[in-house]
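First the structure, in the form of structure tokens, and then the observations on it.
The values are calculated or read from the model by the stated rules, or taken from the named source; none is laboratory data. Please read all numbers here as calculations on a predicted model, not as lab measurements. Note that each Cβ is placed from the backbone with ideal geometry, even for glycine, and that neighbours are counted across all protein chains shown.
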Amino acid sequence: MRTAVVVALCAVSCGAEARDEIVHFVNPPPGDPGYYHWHAPSWDPGGGDIAFLNVTAPPSGQLDEFGPESVGQSGTQLPLTTRFNGGASIAVAEGTSWVLALEHGAALPGREFTDSGLTSAFFETPPETRFPEGARRYIGVLTGGGCYGWIAVVRTWSSFAALSWAYETEPGVGIYAGQVPAPGAGVLMGAGLLGVWARRRRP
């Protein structure tokens, strides 16, 4: 009887609280099954082809298509510069079109967003927009539906690989760069109840 009560309480509490509003995807390592190769595919003066990443889809579900949740990157004629554009908007330095190289924990919203921007690697850009080669940084994203998200990237030369990405499912609700879903309070409560029950069962 006591077991049934504890299980029922856990089911109710877990079901009520275990819903996370942040959806998080991790890209497998290069060469592994399911890896999505997001990169700047062209050096054409006009920007050429664009590779798109949809922040609401897993690596295996990427269609490389323009859409309201997608961010695109392409090479340009400028040295060590990549153009980002797409249906989703990107966090940029205020009053500029330079994409912010966000550190882990940077808050979104509270930023300026645009659906077309430039990001460069070195000294001609403001400090907050520089992406050191090989270092993890975050691109802030605002989907066409008003949902905030982020893409964790690492730069190699003038192309960016996506390590992981996430988005908040509720429009207008903020997210931090690198923020991932946390265990629901109900899950923790249920685990605690089971622990109490187990201790009481001991002889």
Every pair of residues 6+ apart whose Cβ atoms lie under 7 Å, when the first sits in the stretch 53-66 and is farther than 15 Å from TRP150 by Cα while the second is part of a loop (DSSP other than H, G, I, E, B):
SER60/GLY34; GLN62/TYR36
Top-ranked residue of the stretch 151-178 - restricted to ones that are surrounded by 14 or more Cβ atoms within 10 Å (Cβ to Cβ) and without any contact (Cβ under 8 Å) to a residue 60 or more places away in the chain, ranked as farthest from the chain's Cα centre (by Cα)
ARG155
What's the total number of residues in the stretch 125-159 that are in a loop (DSSP other than H, G, I, E, B) and under 22 Å from THR56 (Cα atoms)?
5
GLU94 is checked against (1) part of a strand (DSSP E or B); (2) over 15 Å from ILE175 (Cα atoms); (3) modelled with pLDDT of 85 or more and fails just one. What number does that condition carry?
(1)
When you look at GLN62, is it at pLDDT below 95, within 16 Å of the chain's Cα centre (by Cα) and among the polar types (S, T, N, Q), yes or no?
no
Unmet requirement for GLU133, which otherwise passes all of (1) closer than 14 Å to LEU53 by Cβ; (2) over 19 Å from the mean Cα position of the chain (by Cα)
(1)
Test GLY87 against the criterion of being small (Gly, Ala, Ser), part of a loop (DSSP other than H, G, I, E, B), closer than 18 Å to ALA162 by Cβ and modelled with pLDDT under 95, and give yes or no.
no
